[in-house]
Every structure is written in structure tokens, then in C-alpha cells.
Amino acid sequence: MDNNDLKERDFEAYIEHWLLTDGGYTKGDQSTYDKERAIDLKTLVKFLRLTQTKKWELYEKKYGSQTEDRLYNVLQDKIHERGLIWVLRNGIDDLGFKFKLVYFEPASPLNEELNLKYSQNIMECTRQFAYSTQNHNTIDMVLSVNGIPVVALELKNQLTGQNVENSRHQWMNDRDQREEIFQFNHRILAYFGVDLYEAIMATELRGEKTFFMPFNQGSNGAGNVGGKGNPEAPEGKYTTCYLWERVLNRRMLLCLLQRYISRQEEERISIYKTKDGQIRQDKRKSVKIIFPRYHQLDVVEKLLTDTAEHGSGKNYLIQHSAGSGKSNSIAWVAYRLGALQNADLKPMFNCVFVITDRRVLNSQLQNTILGFDHVDGTVDTVKDSDPSTKLRNLINDDNSRIIICTLHRFPLIYKEVNKNTGKRYALIVDEAHSSQTGKAAEKMKAALADTDEALREMAAMQDIAEEELEKQRDEIMDTLLAQGQHNNLSFYAFTATPKPKTLRTFGVCTHQDIDPTKCRYEAFHTYSMLQAIEEGFIKDVLLSYTPYGVSYEITKRITEDPEYEETPATKAVKAFHDNHQHVIDKKCAIIVEKFREVTLPAMQGKAKATGLLRCASTCSLFGQSELSGRRIHRDGHELYA
């Protein structure tokens, strides 16, 4: 079949056909769909009667002809209270009658009863979905789970003069978010716009304020260096076929509902500039649904697959740019690794550590991971105020599935950790820079390594001066210990900017098949800065880059013109030029004032600046003696000063 034949197909019909034949769905029938209630109760009851027969019979005996109305009212009350995501995962309880609304894939393939119930989920695909009692509008395609619509798609075809932008406009302007089916976290959880070449996705309809994210692989395919968009389609397929084949098939959609889609609550600090030039801030809480972007879903699934195949003892480098949603990716990886089983159906790892070398990022990761649904007691955090013995006890007690802490905790307790013979650990390292290859990281590996010799070696390092250790670091990096290549330790290192040492430590050796004498180290998975820029998640700072010299000359000319008022940033630049004492302090003042006065307003507050500022001249800006690690939110974005 050539591409001309492909383009002549009916795009919607092709997707429906694939979902019904290879995707695991059945054809939806709207004859029993209740538009006002936005649910197909007949299908839901069919599922309950099929999977929870005895319980449903008792329920019917109790409520008689009012059974379906009772079921709907209890379901709706719980959705209003906790949201659809929670209800799908936890079910409902009506005076002792507990019903599951969906059965997720069981951890063990040996549990025949749960596997049967998992197969009995009623997954429906419905084209031209009529959803409203107020109009005759239809949605191109809706995917439902046991009568509850959860995913909606508007499908556009360039050959008919439409593209993904038409679907964006349709979702924003032609769909009333007040309808029950579009209520936030009540029914549909993901809204897609798809054409022959591009895909976008949103989790909430808010009219013109609806925010759509690109849902593309990247120009060179997921996990590879490239820009926005998608690679060319495989022969005989559409470019966007990855969406229904890898994301919306029956198994993956149920996996998304069980393990990925999340309701998150966060506090935002909005920073704004008043008319008199003063900087003010307002705090407010926001709630949103997190649905993984394609590269996030791809990296988690690939890491799980590779780990399941090779077992513990392997290193992985994930090179994801700023704007990639790294904290959520780490949270998903942590939870999935914590539940991963080996061939003997036992946990692959005794514990998963989430580690960062910066306290502010540790707090951020703790909030993100704890914000995901989890069983109480499975996630433990070691905060700055906690004694170091807490981390030691958590490791030795072997009860925690996930432990979140800073790297610098390990040097304090590594000698006290019990021998870990036979135990396996996954270590997710955030911002894997050179500090993870230094003294603290070496002690971390010693604390968890399955060898007494490693403990003795690291204990001896206590007496080595830091300066001497720096000289020996390159040599240490060539040893087994510094490389972290223990059979019981698996490293998952996330960073946007890996250094050569980081690549050698965590990267994959490639190109040896071309030249056996050479080894090029690459990341296991990449979301490039180019893709992040082109997709609009970060700005290309080089487009507005101004060297200090040019900035000073411009400032000098402005100050010589009496029509211009001298600003704090101008004063800071002049101070740097006129007084060379405390040069570092002056540079810090210039950077901060420039950001406050120019960059922040220009970016409408949606900006992130990273750096390490330790300068007395800027202390008054934030009221502290040292700015290192200070974090400020602005509309969901962070400023690290």
C-alpha cells in the first residue's frame, strides 16, 4: 500500500478500525448513554454484574428498582468529593457495599481470578459521540472505561483543509466546560487534538485559557536528540500512529489510569510589579491533572522494560532539558521501580532512593512524589530537620519502598549501615553533576554496596584530605566502586547538562561496533534543549543575550540623557564600572536587578533563573544573608537565586 492510498483513507475510520481490531476495544453504542448524567449506566452495571456478581445481586435486592439511581448518586457524590481519578483507583462504598469501577492489571500473572476480571473491563471506542442535551454537537471519538468517558479526540485531516489548530479552536470555543462530561476531574481526563502529522493534549477545558501541550515524539523520535514534531511515518501508516498504537491501546490506557494520571495541588506565588515600581507577591493554590507528555511516558516505560530484562546493576543516564517535567518523570520512575518484580515474582529492589545534591530540589521532589497517590508507609522522606539516624534506620529496617533524601546525608551514616548482603537498591539521582562522582557519592555507594571491602575502603577515605581526594578523583572514577557497577545497585541519573564524567559514569557506551578501540558515551534517553525550546517550554536565552560590556555602554548612554530615569539596574552597572572592589557582589547585583526590572516583567513572570548568589549587596532583596537555594514561584515556574 503506497502513501497515496493511505491519504485517501478516512482518518477517523482508520483509527477506529485499529482500536477495534488491534487496540482491544469494542464498538461503543450510544443508545444507553445518558447525556445529562454523562455516563452509560447500563454498561457500568453490566461490568459490575460480570465481575462482582454476588455483591451486585445483594445490592439489587436491597434497593430494587432504585438500584441504578442509587449507584449513580453514590458514584457522583464520591466523584464530587474526591474526583474521578481517585474513584477509578479506589472504587465506591455504599453502606458496606464496596464496588470496584475498573480492574487494573494485577502484579502477578498467576492470579487467575484478577486476570479474568482485568480482561472483563469494557473498553469502548465511539465515533461521533453526541454528548449534550443542549445542542447537537459531537466529539469525533471518545474512549470509555466501563461506561465512563475518559479520553476524547478531535481528529483533523489536512486533505480536507483542517489541521490540529482547528481541533484546538474547537475544544476552546465550541465546547461548554460547564457540561458534566467536561467538568474537571468528573469525566474526561484528557482532550486530544490530532491531525495527520501533529498531536496536542489538554487535561482541562477553560475556554480561551485552555492550555494544550504538544504530544509529539520529537523530530528524530522519542528519546533521541532533535527538535519539535514527529519523524516521518513508517510505510503504510500515519505519522501520528504512535498515539493510538502506543498510548491509547487498551493496556496502556488502563496503565495510565492506574499509574500515571495524577491530581496535583500546589501553592503558587505570583510576583508582579506595581505602578510605583515595587515588587509584590500573592499566594494562591491551584489544582491540576498531570498527564505524562510523550517523552515522559516513553522514558518510564523504556527504563522499566530494560531494568526488567537486565535486572539490577546497570546505570542509566536520562538527559532531559529544563522544561521536560523532570520532577514528575522521577516520581513515575520511582513508583514503577518500587513495584517492579523479577522473574520469580519478587520485588526487583528492596528500596528505591530518590537523591538530589541540593536541599531545595529535595524539598521539591518530596512534594511532587508525595503528591502522587500512594499507600501510606511506602514513601519516607528525610528532611533537613531530621537526624541522620533516621536514614540509617530506614535502610536497615527494610520497610520503605521509596526514600527521598539529599546526597549529603550518606557520608554521615555510611559506617553505621548494616551489611546489605542480598539486598538490591535503585538510586534515582536528580541533577547528576560531578557531585555524584565525588566523595559523598562514593560513600553513598559504599553504604549500599553488597561488599564489606567497599565499606572498609570508604572508611579509610575519612582520613584523606579533601584536596588530596580531588587529585585522586579521576583515578577513583576508573575503579569499580566509583563507577557504581555493583550487581545490587542500579543508578538512574537525571540531568539536563551532563559533564564528561557524568557521561562516563552513567552513560551508554556506543560506536564500539564501528571502532572497538573507541567508546562514545551517550544518554539512555534524551529530551533535548532544542525540542524544549521549539515546543515552547523554555526560552532560547541566546536570542536576547547581552554581554556586560554592551549592557554598560547602553546604560551609560541612557544615563547621560536627562530624559531617562536612572533605575536600580543602571546604578548597579555603574557601581561595577566605577568601583572594582567586591566585584563578585556587584555582578550579583547586576544580575538580580536586571532580572527583577527587565526580564521578569518581559516574561510576564513566567521565567526561571538558575545560579548561585552569595553576595551581601543583594541580601536586602529577599531578606536573608545568603541567597543560595532560595526558590520563588511565579505561575508554576521557579526562580532559583
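The values are calculated or read from the model by the stated rules, or taken from the named source; none is laboratory data. Remember, it's a predicted structure, so these values are computed and weren't measured experimentally. FYI the Cβ positions are ideal-geometry reconstructions off the backbone, even for glycines, and counts take in every protein chain you see. Only protein heavy atoms, including side chains, enter the accessible area calculation; ligands, DNA and RNA are left aside. Shrake-Rupley method; radii C 1.70, N 1.55, O 1.52, S 1.80 Å.
Would you pick out the residues in the range 151-184 that are buried (at least 20 other Cβ atoms within 10 Å of the Cβ) and of a type in the set (V, I, T)?
V151, V164, I181
Give, as residue ranges, the strands (runs of 3 or more DSSP E) completely inside the range 494-556 that count at least 2 residues that are at pLDDT 85 or above and open to solvent by 30 Å² or more (accessible area, probe 1.4 Å).
Details: elements: 508-510, 520-522, 525-527.
Here the list reads 520-522.
Determine, yes or no, whether R187 is open to solvent by 10 Å² or more (accessible area, probe 1.4 Å), of a type in the set (K, R) and out of contact with any Gly (no Cβ under 8 Å at 6 or more places or on another chain).
no
Out of everything in the range 256-282 that is within 20 Å of the chain's Cα centre (by Cα) and surrounded by fewer than 18 Cβ atoms within 10 Å (Cβ to Cβ), what residue ends up being nearest to N185 (Cα to Cα)? Even if it seems obvious, please write down each step before you answer.
The first filter runs over the range 256-282 and keeps only residues within 20 Å of the chain's Cα centre (by Cα), leaving 256-268.
Next cut, surrounded by fewer than 18 Cβ atoms within 10 Å (Cβ to Cβ) only: 258, 264-268.
On the way: Q258: 15, Q264: 11, E265: 13, E266: 16, E267: 19, R268: 21 Å.
Filtering the range 256-282 for residues that are within 20 Å of the chain's Cα centre (by Cα) and surrounded by fewer than 18 Cβ atoms within 10 Å (Cβ to Cβ), the one nearest to N185 (Cα to Cα) comes out as Q264.
For the range 313-420, give me every one of the strands (runs of 3 or more DSSP E) that falls completely inside it and has 2 or more residues that are farther than 23 Å from L257 by Cβ, at pLDDT 90 or above and not basic (K, R).
Numbers: elements: 315-320, 351-356, 379-381, 402-406.
Once the strands (runs of 3 or more DSSP E) in the range 313-420 are filtered for at least 2 residues that are farther than 23 Å from L257 by Cβ, at pLDDT 90 or above and not basic (K, R), what remains is 315-320.
Pairs under 9 Å by beta carbon, first residue under 27 Å from I289 (Cβ atoms) and among the β-branched types (V, I, T) in the range 208-227, partner open to solvent by 30 Å² or more (accessible area, probe 1.4 Å) and in a loop (DSSP other than H, G, I, E, B), six or more apart or different chains?
T210/Q177; T210/E204
Search the range 248-262 for residues that are in a helix (DSSP H, G or I) and pair each with any residue that is of a type in the set (S, T, N, Q) when their beta-carbon atoms are under 9 Å apart and the residues are at least 6 apart or on different chains.
Partner pairs satisfying both residue conditions: R250/N121; L254/N121; Y260/Q296.
Quick check on the range 193-207: of everything there that is β-branched (V, I, T) and either more than 24 Å from T160 (Cβ to Cβ) or touching a residue at least 40 places away in the same chain (Cβ under 8 Å) (or both), which residue is surrounded by the most Cβ atoms within 10 Å (Cβ to Cβ)? Please lay out each step first, then the result.
From the range 193-207, those β-branched (V, I, T) are 194, 200, 203; that's our starting set.
So of that shortlist, the ones also either more than 24 Å from T160 (Cβ to Cβ) or touching a residue at least 40 places away in the same chain (Cβ under 8 Å) (or both) come out as 194, 203.
Numbers: V194: 27, T203: 20.
Going through the qualifying residues, I end up with V194.
Could you list all residues from the range 208-223 that are aromatic (F, W, Y) and crowded, with 17+ Cβ neighbours inside 10 Å? Break it down stepwise before answering.
Filtering the range 208-223 for residues aromatic (F, W, Y) gives 211-212, 215.
Answer for the range 208-223, where residues must be aromatic (F, W, Y) and crowded, with 17+ Cβ neighbours inside 10 Å: F212, F215.
Within the range 161-182, identify whether any single residue is under 23 Å from V300 (Cβ atoms) and in contact (Cβ under 8 Å) with a residue 12 or more places away in the chain, and answer yes or no.
Of all residues in the range 161-182, those under 23 Å from V300 (Cβ atoms) come to none.
No: the range 161-182 contains no residue that is under 23 Å from V300 (Cβ atoms) and in contact (Cβ under 8 Å) with a residue 12 or more places away in the chain.
Can you tell which of Q341, Q319 is in contact with a Pro (Cβ under 7 Å, 6 or more places away or on another chain) and surrounded by fewer than 19 Cβ atoms within 10 Å (Cβ to Cβ)? Can you show your working first?
On the way: Q319 fails: surrounded by fewer than 19 Cβ atoms within 10 Å (Cβ to Cβ).
None of the others qualify; the one that does is Q341.
Has the range 228-235 got at least one residue that is in contact with a strand residue (DSSP E or B) (Cβ under 7 Å, 6 or more places away or on another chain), farther than 26 Å from F494 by Cβ, modelled with pLDDT under 95 and not in a helix (DSSP H, G or I)? Give the steps one after another, and end with the answer.
Looking only at the range 228-235, we keep the residues that are in contact with a strand residue (DSSP E or B) (Cβ under 7 Å, 6 or more places away or on another chain), and these are 228.
Those left that are additionally farther than 26 Å from F494 by Cβ: none.
Checked the range 228-235: no residue is in contact with a strand residue (DSSP E or B) (Cβ under 7 Å, 6 or more places away or on another chain), farther than 26 Å from F494 by Cβ, modelled with pLDDT under 95 and not in a helix (DSSP H, G or I).
Looking only at residues in the range 100-144 that are small (G, A, S) and in a strand (DSSP E or B), which one is most open to solvent (accessible area, probe 1.4 Å)?
A130
Just checking, does the range 39-50 include any residue being in contact with a Lys or Arg (Cβ under 7 Å, 6 or more places away or on another chain) and of a type outside the set (K, R)?
Step one: of the range 39-50, the residues in contact with a Lys or Arg (Cβ under 7 Å, 6 or more places away or on another chain) are none.
No, the range 39-50 contains no residue that is in contact with a Lys or Arg (Cβ under 7 Å, 6 or more places away or on another chain) and of a type outside the set (K, R).
If you scan the range 224-255, which residues turn out to be surrounded by 21 or more Cβ atoms within 10 Å (Cβ to Cβ) and not aliphatic (A, V, I, L, M)?
Of everything in the range 224-255, those that are surrounded by 21 or more Cβ atoms within 10 Å (Cβ to Cβ) and not aliphatic (A, V, I, L, M) turn out to be N230, Y238, T240, Y242, W244.
Can you tell me which residue within the range 237-282, out of those that are at pLDDT below 90 and of a type in the set (A, V, I, L, M, F, W, C), is farthest from Y25 (Cα to Cα)?
I279
Would you point out which residue out of N166, N185, N157 is of a type in the set (S, T, N, Q), at pLDDT 95 or above and over 22 Å from N135 (Cβ atoms)? Step through it out loud before you land on a result.
Details: N166 fails: over 22 Å from N135 (Cβ atoms); N157 fails: at pLDDT 95 or above.
Matching residue, one of N166, N185, N157: N185.
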